[in-house]
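Q: Input: one structure, supplied below.
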Amino acid sequence: MKRRDFINWVGLGLIASSLPVAIAACSSQTTPVSKNWETVGTSAELDKTGQLLAKNSPAGPVLVVGTSKGANLTAVNPTCTHAGCTVGWKAETKKFVCPCHNSEFGIDGKVQKGPATEALKTYAVKIEGNSVVVKAS
């Protein structure tokens, strides 16, 4: 084998072995999310009904209400602090209501009507790109 052929084969080998790395670097389509912020869904999902329930998000169960175009987004853990049922958002009264014992919580997660005595956990929430993200505590 001539020296020139050897160098050509080594160069070709280097190019072939670095090709998967180059492809992976160029095809990444995920947008990086800020530290401690977890993606719970897309803004399109939120805009369909004005609420987004993510039962198995990395931050735990999260219910986001509002729209991606509005500045007033709210995110709470939808687990009722009284009986553990999943609360629902009632837009007409602007309250979270537990279907089990009718506990009511304000938009800030605070108890407005018992039997629940503790507020719902709240999260910081924002739109980042096309994603709805919450800050896990």
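Q: Which is farthest toward the positive dipole end of the stretch 37-135 among SER103, GLY88, VAL40, measuring Cα position about the Cα centre, with Cβ charges +1 (Lys, Arg) and -1 (Asp, Glu)?
A: The one lying farthest along the dipole's positive direction is SER103.
Q: Further question on the same structure: Taking Cα pairs under 8 Å and at least six residues apart, what relative contact order does the stretch 48-108 come out at, in percent?
A: It rounds to 19 percent for the stretch 48-108.
Q: For the stretch 1-102, which GluC sites (Glu not before Pro) pass both filters: DSSP loop (anything but H, G, I, E, B) and at most 13 other C-beta atoms within 10 Å?
A: Values: sites: GLU38, GLU45, GLU92; in loops: GLU92.
Passing sites in the stretch 1-102 are GLU92.
Q: For the stretch 37-135, what is the accessible area per residue in Å², given a 1.4 Å probe and the full set of protein chains?
A: On the way: 5170 Å² over 99 residues.
Accessible area per residue: 52 Å².
Q: Would you please give the residues with an amide H less than 5 Å from that of LYS95, counting only those at least 5 places away or on a separate chain, with H modeled from the backbone geometry?
A: Under 5 Å from the amide H of LYS95: LYS90.
Q: Under a crude label model (7 Å from the Cα following the beta-carbon direction), how far is PHE6 from ALA91 in nanometres?
A: 7.4
Q: I want to verify a result. In a Gaussian network model of the chain, Cα cutoff 10 Å, which of these has the top mean-square fluctuation: LYS126, LYS48, LYS95?
A: It is LYS48.
Q: Within 14 Å, Cβ to Cβ, of THR93, how many net charges do the neighbouring residues add up to if Lys/Arg are +1 and Asp/Glu are -1? Intermediate results must be reported in sequence, preceding the final value.
A: Values: positive: LYS90, LYS94, LYS95, LYS113; negative: GLU92, GLU104.
Computed value for this residue: +2.
Q: What is the percent carbon and sulfur in the accessible area of the stretch 37-135, measuring with a 1.4 Å probe over the protein chains and ignoring ligands? Write out the running numbers ahead of the final one.
A: On the way: 2470 of 5170 Å².
So the carbon and sulfur contribution to the accessible surface is 48 percent.
Q: A follow-up question, please. What percent does the relative contact order of the chain come to when contacts are Cα pairs within less than 8 Å and at least six residues apart?
A: With pairs under 8 Å counted, the relative contact order is 21 percent.
Q: Taking the Cα centre of the chain as origin, work out the dipole magnitude from +1 charges on Lys and Arg Cβ and -1 charges on Asp and Glu Cβ, in debye rounded to 20. Walk me through the numbers on the way to the answer.
A: Numbers: 15 positive and 9 negative charges, 68 e Å.
The calculation lands at about 320 debye.
Q: Kirkwood hydrodynamic radius, computed over distinct alpha-carbon pairs, for the chain: how many Å, to one decimal? Don't skip to the end; give the middle numbers.
A: On the way: mean 1/r = 0.0567 Å⁻¹.
One decimal place: 17.6 Å for the Kirkwood radius.
The values are calculated or read from the model by the stated rules, or taken from the named source; none is laboratory data. The shown structure was predicted, so the numbers you read here are calculated from the model rather than taken from an experiment. Cβ sites come from the backbone with ideal geometry, for glycine too, and all protein chains shown count toward neighbours. In case anyone asks, the SASA skips ligands and DNA or RNA and just uses the protein heavy atoms, side chains included. Shrake-Rupley method; radii C 1.70, N 1.55, O 1.52, S 1.80 Å.
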